[in-house]
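Handing you this structure, nothing more for now.
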Amino acid sequence: MPEHRTTPRVKEILSWYQSDNPGTLANLHRLLMTGTLAGTGKLVILPVDQGFEHGPARSFAKNPAGYDPDYHFELAIEAGCNAYAAPLGFIEAGAAKYAGQIPTILKLNNSDSLSKLGGAPISAITGSVKEAVRLGCAAIGYTIYPASDARNAQYEALAELTAEAKAHGLVVVVWSYPRGTGVSKDGETAVDIAAYAAQIAAQLGAHIIKVKPPKALVEHPEAKKVYEEQKIPYGTLPERVRHVVQSAFNGKRIVIFSGGEAKGTDAVLEEIRGIKEGGAFGSILGRNAFQRPKAEALKLLADVMKIYAT
Amino acid sequence: MPEHRTTPRVKEILSWYQSDNPGTLANLHRLLMTGTLAGTGKLVILPVDQGFEHGPARSFAKNPAGYDPDYHFELAIEAGCNAYAAPLGFIEAGAAKYAGQIPTILKLNNSDSLSKLGGAPISAITGSVKEAVRLGCAAIGYTIYPASDARNAQYEALAELTAEAKAHGLVVVVWSYPRGTGVSKDGETAVDIAAYAAQIAAQLGAHIIKVKPPKALVEHPEAKKVYEEQKIPYGTLPERVRHVVQSAFNGKRIVIFSGGEAKGTDAVLEEIRGIKEGGAFGSILGRNAFQRPKAEALKLLADVMKIYAT
Amino acid sequence: MPEHRTTPRVKEILSWYQSDNPGTLANLHRLLMTGTLAGTGKLVILPVDQGFEHGPARSFAKNPAGYDPDYHFELAIEAGCNAYAAPLGFIEAGAAKYAGQIPTILKLNNSDSLSKLGGAPISAITGSVKEAVRLGCAAIGYTIYPASDARNAQYEALAELTAEAKAHGLVVVVWSYPRGTGVSKDGETAVDIAAYAAQIAAQLGAHIIKVKPPKALVEHPEAKKVYEEQKIPYGTLPERVRHVVQSAFNGKRIVIFSGGEAKGTDAVLEEIRGIKEGGAFGSILGRNAFQRPKAEALKLLADVMKIYAT
Amino acid sequence: MPEHRTTPRVKEILSWYQSDNPGTLANLHRLLMTGTLAGTGKLVILPVDQGFEHGPARSFAKNPAGYDPDYHFELAIEAGCNAYAAPLGFIEAGAAKYAGQIPTILKLNNSDSLSKLGGAPISAITGSVKEAVRLGCAAIGYTIYPASDARNAQYEALAELTAEAKAHGLVVVVWSYPRGTGVSKDGETAVDIAAYAAQIAAQLGAHIIKVKPPKALVEHPEAKKVYEEQKIPYGTLPERVRHVVQSAFNGKRIVIFSGGEAKGTDAVLEEIRGIKEGGAFGSILGRNAFQRPKAEALKLLADVMKIYAT
Amino acid sequence: MPEHRTTPRVKEILSWYQSDNPGTLANLHRLLMTGTLAGTGKLVILPVDQGFEHGPARSFAKNPAGYDPDYHFELAIEAGCNAYAAPLGFIEAGAAKYAGQIPTILKLNNSDSLSKLGGAPISAITGSVKEAVRLGCAAIGYTIYPASDARNAQYEALAELTAEAKAHGLVVVVWSYPRGTGVSKDGETAVDIAAYAAQIAAQLGAHIIKVKPPKALVEHPEAKKVYEEQKIPYGTLPERVRHVVQSAFNGKRIVIFSGGEAKGTDAVLEEIRGIKEGGAFGSILGRNAFQRPKAEALKLLADVMKIYAT
């Protein structure tokens, strides 16, 4: 049952963002007061950018209903998600039809699997704050690749979009995915790297930060020394999640975790339990939701929300 | 006989674009309610950018009437095309003289065969939304080369032009032609690549997407796995076209197919039949039309339209 | 004797540009109704950018009067030229003193012989439409190097300047000089390349196109095939000029030819006769004019105009 | 006890900045009239950008209170610092809550330890003058790396931000840290390099310049000749500091020194004594302050201020 | 004794700039009617950018009064110079204090000796026309390096700044110093190169051009041919200066010469005599002035002015 009165927890969360203007606070409030988890301070978000990132067949052939942009709006609404995130095309296709029924997050940059780019990882900017405003979105989304040689271009674009979004009363959601010459492939989800990724997104002004679940690995030698000296625990997933959340302004920024690659229901739920136990603010589940038949997806999302609600 | 009343099919198509403003819907309506195919939801468009792309002699010497910009306006009008697309110079040469007689599409970027560029494929931006508005165009056209290392510059330019075009009530037509280090020469028209190209254009906000007829080939290994697992049929041209159209938001974006290289009349018509059978929204025929003597070209275009009208 | 009444030929030429606004048409009219050739539809223009391009001594030591910017204004006026073209400094030096006495063309980009640039040929932008308007110019001039790897930057800058110039009622003159990795040194003036250069300038929106007199050579193999199949004649200079003029929208764009390197009077006049016979709209004569003593230059220009007037 | 009346020394310092507008002078006055050292013309500033620069665990695990953005505001206020400097995220997290309680300096560019960048050292621009104004900051901060191959981009960005900041009544603080192919690793803090770094920041329009304490080393051979000929003393820290302060417009620009790497209390205080003796305007102490337990940090900062106050 | 009535010579000089607006003419008038040489049409300017270009010790240790920005204002005023030129920091430090006492020239770009840049020579833009206006300057100054591979960026920046400066009533002073892959080290001051440098600056719209005294050397083979054919004399310094002045629009642009490296008094004066004899408009003396004790500097400048006044 969605809550209609602003809960003390939501008020507490909003208090961390009091430098923001009322428009942004209202949209943050919308995100926190929508869906099954309304009022709990937890969020489950449906993101669908895989069509762009991996191509249509790899994304939607398993559950062909997903070729249709309406499907994802309806899935997110029926499942009681807090928000639906997608690139311009998918959002625009349903923005008028489903106007007001669910908060939307316009993903402002995207990558595909066709180009090699021949350089440092960097996504293309495919949307704008102005378009997000026109389409009635509650938030913008932007992916940075810390550890990329093209870091500066990404941080600078994000800084500009963030300032513009805040001036327009929007919420800023940052996907912070270390990638590039500064980390090993394995180290991309090392616990020190994930914590650092959360810190960078927070310092860049993100309201909501999305990272990948961290592994029991410390990548950087200088960091390793500190983790050992200070005995920072990172053996279990809850410990690692707790460290990442602490790294985002001592838990005063909303940090949510991705579900990662498509996998079995039990594996998904077990991971979510660990993430929840570590103090995460929620999950963002894409392929694990929309590639299942709708009934299964609704069941899975309900189970995930149950974990967060307790 | 052109239809004058908006048909249910046209209304249905317009309903997929309801996030657009009335100006853009009106221009989309103009494109769908013009010419022989008015009201059918199908389009046949005459594009003439070959003078820029391949040089004047290679484009027009075969039918020298085509050196003259007036010729193409008149050909498109007499043939009952839905629209005429060309670069700035050709459009401007007839924009006042033929004002209102046929919807025009200003091709905003172009390439020539003189430069090697010494880098990733990317066309030059040679027009603007402001010029399109000044010249009374119904739409802008823009070519992207997914799979090019210069992908980001192209997607970002298109994203900006698209937002500006929509704000000015114009329709956005995207030529989506994979090319560059991310695909093999042969794979440029592979079915997975063509479907991906359609998806990218749709996600970037295109109203109308132009791709090349796809071949019975799957380029990417990760895609191949999915095509086999999910048994996606692609043996025949109609099957491949159906898959590409589905990949453009489950058929909720207008996808049209190019005629490709100049060839014999029978070959053209047979290909069109396959494309039509696959559920395509129409064809865009350049060299196959304007390099024939006018009478032959009118006959060919009439035959093509007959296929789509039935 | 200059014509004062707009002649039918001038009206015909203006009719090809009817998408332009009255300000631009008026300036085009000024160019066509000034000087000895007023009303004939032919133009002889004096360009003096050699000081920038080759240095002062190489340009002016032979006839030292040319060091002085006033000299060129006076030469163009006395000779009855249609216009005088130069970079910012030279135009500005006389713009107030000779205001209204001769239409001027502000050359907006320039190159020098000092820098090697270490890359693809591209001139520096040294002026602006705003400066052209301030200085009372009738037109802007811009040089593109099709076949340069830096083609895109040049076409895009020209597209923007062209739109801005047209919005300000100015005429756009494009020097289209293929150069770079896309053509051999010899092929820069091949007939297919010159025709292609004229086509590109026309498609980019030029009102007046300047090319070099073409040689009896076809550079590109794909073009060669067409020239042979279609039996396009290019053995004589008039044939080649006719082909280039046709390539500029079937003669509906003004194409003029440069005089090339300084040479003897007879050689100049013979070339002009060939150019005229091919249907060219005129000539642009720099070094062959200002490097001669004034009396000789006036005589030569008068002889050239006589050829075009008949 | 903070001074409330503007002291003669503060008036003298302000007189060096009389080309600035009253808004900027008022903010400079705020910086000089805040905290324990108010009115002395000396400053002790707390900077906390290490979370961004070195990652959260390496910065805050030693004293975990520092994960929380509130902690640093409170530390700076309780310690009686003149100002608190941090990146956007940290400033924004407390800007409303601690509004008016301490002058803040928005650090406009930042670097992290994740990216290798694959090129010349240059930080990312992560904030703006507009954001500084919105957040009620007294100043902007910007880091330049003289000796970097990317020098021009940094000087040009700083020049633009400086002009904009001055137009908005803000103070400009420049971190001038030579780094890159133009200096050896050891030479980064050579006395000639530090003096040159201060001069560059002053010429670029900085109001307050932060450099590192210089070493008894002259890096450049051309400089070495002059230091020997003119017998410039640089054997002791006070001599070197005096030379650096002189190099900033003969002491007419505020020059402060960083505390450098975390070290023992005695070592910190001894260095500060030398810096003070050389005529420095103050210190900027980060890790040496916030990585200690709060009581210890307050004691250390009080001891440092005592040195400057006498 | 400064002249107060505009002299015929000053009126003549102003007549060459009549395309400029009254604001610019008034500032040019200020430059020509200030100081000892007021009314003579000659200028002696004090430039102090060496602190930025070579570092503080190398610039000011010899005469430590020069560390202080006030010193240079006072030196220029007492010496009766026509103007004082410096980067932003130095100008801003005295702009209010010495407001109106001497025309100032804001040097808009600067280089330092710390960075290697790893590419073509190009200075950083460190000021703006807006800042020049705010600081009450009479002119902007800008350095170009013709022969640099980065020529285009420099010419284009200068073209924009020049147009903006003229629109704001400022005078444009261009330092034209050939440097880079297009000339040999020795050829940087060859007579053909210096003349070409003056021509380029003039064509780019400079009001005042600063070049280095040319050597008896012709660098470019194509130029050498012309110098020999036309028997251009360049054996003596006056001959070379005359040729350079002629190359700047036949002497209709103000050309002044730098003093070059610090040297003995006799050497300086002898060079000035040669420069004056060649028809130069004056000198710009930096190190040779401010590195001497003040009394000596005043004596030297007075002697230089005496040469120009006769």
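Checking the conditions here, which among D:GLY80, D:GLY100 is touching a residue at least 40 places away in the same chain (Cβ under 8 Å) and small (Gly, Ala, Ser)? Full working, then the answer.
Working: D:GLY100 fails: touching a residue at least 40 places away in the same chain (Cβ under 8 Å).
D:GLY80 is the lone residue from the list that is touching a residue at least 40 places away in the same chain (Cβ under 8 Å) and small (Gly, Ala, Ser).
Please find, among C:ALA309, C:ALA302, C:ALA289, the residue that is over 19 Å from C:LYS210 (Cβ atoms) and either buried (at least 24 other Cβ atoms within 10 Å of the Cβ) or touching a Ser or Thr at 6+ places or on another chain (Cβ under 7 Å) (or both).
C:ALA309
Given the criteria facing chain B (nearest Cβ under 10 Å) and either under 22 Å from B:GLU53 (Cα atoms) or of a type in the set (Lys, Arg) (or both), does C:LEU217 qualify? If you could, list the steps in order and put the result at the bottom.
Details: facing chain B (nearest Cβ under 10 Å): no; either under 22 Å from B:GLU53 (Cα atoms) or of a type in the set (Lys, Arg) (or both): yes.
So C:LEU217 does not fit the description; no.
Quick one: which residue in D:ALA163, D:ALA195, D:ALA206 is open to solvent by 10 Å² or more (accessible area, probe 1.4 Å), on the phi < 0 side of the Ramachandran plot and within 9 Å of chain E (Cβ to nearest Cβ)? Break it down stepwise before answering.
On the way: D:ALA195 fails: open to solvent by 10 Å² or more (accessible area, probe 1.4 Å); D:ALA206 fails: open to solvent by 10 Å² or more (accessible area, probe 1.4 Å).
Being open to solvent by 10 Å² or more (accessible area, probe 1.4 Å), on the phi < 0 side of the Ramachandran plot and within 9 Å of chain E (Cβ to nearest Cβ) holds for just one of D:ALA163, D:ALA195, D:ALA206, which is D:ALA163.
Taking the condition at pLDDT below 95 and surrounded by fewer than 24 Cβ atoms within 10 Å (Cβ to Cβ), does E:THR189 pass?
Numbers: at pLDDT below 95: no; surrounded by fewer than 24 Cβ atoms within 10 Å (Cβ to Cβ): yes.
For E:THR189, the condition - at pLDDT below 95 and surrounded by fewer than 24 Cβ atoms within 10 Å (Cβ to Cβ) - is not met.
Looking only at region E:105-136, which residues are open to solvent by less than 10 Å² (accessible area, probe 1.4 Å), within 15 Å of E:LEU170 (Cα to Cα) and of a type outside the set (Lys, Arg)?
Here is the first cut: in region E:105-136, the ones open to solvent by less than 10 Å² (accessible area, probe 1.4 Å) are E:105-110, E:114, E:123-124, E:126, E:129, E:132.
Add one more test, that the residue is within 15 Å of E:LEU170 (Cα to Cα), and what stays is E:105-108, E:129, E:132.
E:ILE105, E:LEU106, E:LEU108, E:VAL129, E:ALA132, listed by residue number.
How many residues are under 18 Å from B:TYR145 (Cα atoms), at the interface with chain C (Cβ under 9 Å from one of its Cβ atoms) and over 21 Å from the mean Cα position of the chain (by Cα) if we restrict to region B:90-128?
Adding up the residues that qualify gives 5.
Does region C:110-123 contain any residue that is among the small types (Gly, Ala, Ser), at pLDDT 95 or above and part of a strand (DSSP E or B)?
Among the residues of region C:110-123, not one is among the small types (Gly, Ala, Ser), at pLDDT 95 or above and part of a strand (DSSP E or B), which makes the answer no.
Here is a follow-up. Would you pick out the residues in region C:31-73 that are of a type in the set (A, V, I, L, M, F, W, C), at the interface with chain E (Cβ under 8 Å from one of its Cβ atoms) and out of contact with any Gly (no Cβ under 9 Å at 6 or more places or on another chain)?
C:ALA57, C:ALA61
Let me confirm something: among E:GLY180, E:GLY259, E:GLY264, which residue is of a type in the set (Gly, Ala, Ser), without any contact (Cβ under 8 Å) to a residue 12 or more places away in the chain and within 23 Å of E:HIS54 (Cβ to Cβ)?
The match here is E:GLY264.
Name, by its number, the condition in (1) within 24 Å of B:GLN203 (Cα to Cα); (2) surrounded by fewer than 22 Cβ atoms within 10 Å (Cβ to Cβ); (3) within 21 Å of the chain's Cα centre (by Cα) that does not hold for B:LEU43.
Checking B:LEU43 against (1) within 24 Å of B:GLN203 (Cα to Cα); (2) surrounded by fewer than 22 Cβ atoms within 10 Å (Cβ to Cβ); (3) within 21 Å of the chain's Cα centre (by Cα), the one that fails is (2).
Among the residues of region E:244-269, how many are touching a Pro at 6+ places or on another chain (Cβ under 9 Å), hydroxyl-bearing (Ser, Thr, Tyr) and more than 14 Å from every other protein chain (Cβ to nearest Cβ)? Break it down into steps so the answer makes sense when it comes.
Filtering region E:244-269 for residues touching a Pro at 6+ places or on another chain (Cβ under 9 Å) gives E:244, E:246-250, E:252, E:257-260.
Okay, now just the ones that are also hydroxyl-bearing (Ser, Thr, Tyr), so E:247, E:258.
Now drop any that are not more than 14 Å from every other protein chain (Cβ to nearest Cβ), which leaves E:258.
Selection size over region E:244-269: 1.
I've got another one for you. Every residue in region C:134-153 that is farther than 13 Å from C:ALA206 by Cβ and within 11 Å of another protein chain (Cβ to nearest Cβ), please.
Of region C:134-153, the ones farther than 13 Å from C:ALA206 by Cβ are C:134-138, C:145, C:147-153.
Of everything in region C:134-153, those that are farther than 13 Å from C:ALA206 by Cβ and within 11 Å of another protein chain (Cβ to nearest Cβ) turn out to be C:ARG134, C:LEU135, C:GLY136, C:TYR145, C:ALA147, C:SER148, C:ASP149, C:ALA150, C:ARG151, C:ASN152, C:ALA153.
Same structure, new question: Take the residues of region B:137-153 that are within 17 Å of the chain's Cα centre (by Cα) and not small (Gly, Ala, Ser): which is surrounded by the fewest Cβ atoms within 10 Å (Cβ to Cβ)?
Restricting attention to region B:137-153, the residues satisfying the condition of being within 17 Å of the chain's Cα centre (by Cα) are B:137-146.
With not small (Gly, Ala, Ser) added as a condition, the list becomes B:137, B:140, B:142-146.
Details: B:CYS137: 25, B:ILE140: 28, B:TYR142: 25, B:THR143: 23, B:ILE144: 27, B:TYR145: 26, B:PRO146: 25.
Among those that are within 17 Å of the chain's Cα centre (by Cα) and not small (Gly, Ala, Ser), it is B:THR143.
A:PRO87 passes all but one of (1) within 18 Å of the chain's Cα centre (by Cα); (2) surrounded by fewer than 24 Cβ atoms within 10 Å (Cβ to Cβ); which number fails?
Unmet for A:PRO87, out of (1) within 18 Å of the chain's Cα centre (by Cα); (2) surrounded by fewer than 24 Cβ atoms within 10 Å (Cβ to Cβ): (2).
Same structure again: Looking at region C:2-30, which of the residues that are within 14 Å of another protein chain (Cβ to nearest Cβ) and among the small types (Gly, Ala, Ser) is surrounded by the fewest Cβ atoms within 10 Å (Cβ to Cβ)?
C:SER15
A follow-up question, please. List, please: which pairs have Cβ atoms under 8 Å, are six or more places apart or on different chains, and start with a residue in region B:158-172 that is over 12 Å from B:LYS130 (Cα atoms) and outside any helix (DSSP H, G or I) and end with one that is modelled with pLDDT of 95 or more and open to solvent by 10 Å² or more (accessible area, probe 1.4 Å)?
B:VAL171/B:ASN27; B:VAL172/B:LEU161
Kindly indicate the residue of region B:224-238 that is under 25 Å from the mean Cα position of the chain (by Cα) and surrounded by 20 or more Cβ atoms within 10 Å (Cβ to Cβ) and also nearest to the other protein chains (Cβ to nearest Cβ) among those meeting that condition. Break it down into steps so the answer makes sense when it comes.
Initially, region B:224-238 is screened for residues under 25 Å from the mean Cα position of the chain (by Cα), giving B:233-238.
Subsequent filtering for residues that are surrounded by 20 or more Cβ atoms within 10 Å (Cβ to Cβ) retains B:234, B:237.
Working: B:TYR234: 10, B:LEU237: 18 Å.
Checking each candidate, the answer is B:TYR234.
Which strands (runs of 3 or more DSSP E) sit wholly inside region B:204-310 and have at least 3 residues that are not small (Gly, Ala, Ser)?
On the way: elements: B:208-211, B:254-258, B:282-284.
Ranges flagged: B:208-211, B:254-258.
Give the number of residues within region E:30-71 that are in contact with a strand residue (DSSP E or B) (Cβ under 6 Å, 6 or more places away or on another chain) and closer than 20 Å to D:GLN230 by Cβ.
Total satisfying the criteria: 2.
Given B:LEU135, B:LEU170, which one is in contact with a Cys (Cβ under 8 Å, 6 or more places away or on another chain), aliphatic (A, V, I, L, M) and at pLDDT 95 or above? Let's see the steps before the verdict.
Working: B:LEU135 fails: in contact with a Cys (Cβ under 8 Å, 6 or more places away or on another chain).
One residue alone meets the criteria, B:LEU170.
Does D:GLY66 satisfy the criteria of being open to solvent by less than 20 Å² (accessible area, probe 1.4 Å) and touching an Asp or Glu at 6+ places or on another chain (Cβ under 8 Å)?
Values: open to solvent by less than 20 Å² (accessible area, probe 1.4 Å): yes; touching an Asp or Glu at 6+ places or on another chain (Cβ under 8 Å): no.
The answer is no for D:GLY66.
Could you give me the residue pairs with C-beta distances under 7 Å whose first residue belongs to region D:284-297 and is charged (D, E, K, R), whose second residue is assigned to a loop (DSSP other than H, G, I, E, B) wherever it lies, and which are 6+ apart or on separate chains?
These pairs meet every condition: D:ARG287/D:ALA262; D:ARG292/D:ASN63.
Now, a different point. Within region A:173-192, can you find the residues that are on the phi < 0 side of the Ramachandran plot, assigned to a loop (DSSP other than H, G, I, E, B) and of a type outside the set (Lys, Arg)?
Scanning region A:173-192 gives A:TYR177, A:PRO178, A:THR181, A:GLY182, A:VAL183, A:SER184.
Quick one: in region E:244-264, which of the residues that are surrounded by fewer than 24 Cβ atoms within 10 Å (Cβ to Cβ) and modelled with pLDDT of 95 or more is farthest from the chain's Cα centre (by Cα)?
Looking at the filtered set, the residue picked out is E:ASN250.
Here's a follow-up. Given the conditions (1) within 18 Å of the chain's Cα centre (by Cα); (2) open to solvent by less than 20 Å² (accessible area, probe 1.4 Å); (3) among the hydrophobic types (A, V, I, L, M, F, W, C), which single one is not true for B:MET33?
With (1) within 18 Å of the chain's Cα centre (by Cα); (2) open to solvent by less than 20 Å² (accessible area, probe 1.4 Å); (3) among the hydrophobic types (A, V, I, L, M, F, W, C) applied to B:MET33, the lone miss is (2).
Collect the residues in region D:133-157 that are assigned to a loop (DSSP other than H, G, I, E, B) and under 22 Å from E:GLY118 (Cβ atoms), keeping them in residue-number order. Break it down into steps so the answer makes sense when it comes.
Taking region D:133-157 and keeping what is assigned to a loop (DSSP other than H, G, I, E, B), we get D:135-138, D:145-150.
The answer is D:TYR145, D:PRO146, D:ALA147, D:SER148, D:ASP149, D:ALA150.
The values are calculated or read from the model by the stated rules, or taken from the named source; none is laboratory data. These numbers were taken from a predicted model, which means no experiment stands behind them. We place every Cβ from the backbone using ideal geometry, glycine too, and count neighbours over all the protein chains shown. Only protein heavy atoms, including side chains, enter the accessible area calculation; ligands, DNA and RNA are left aside. Shrake-Rupley method; radii C 1.70, N 1.55, O 1.52, S 1.80 Å.
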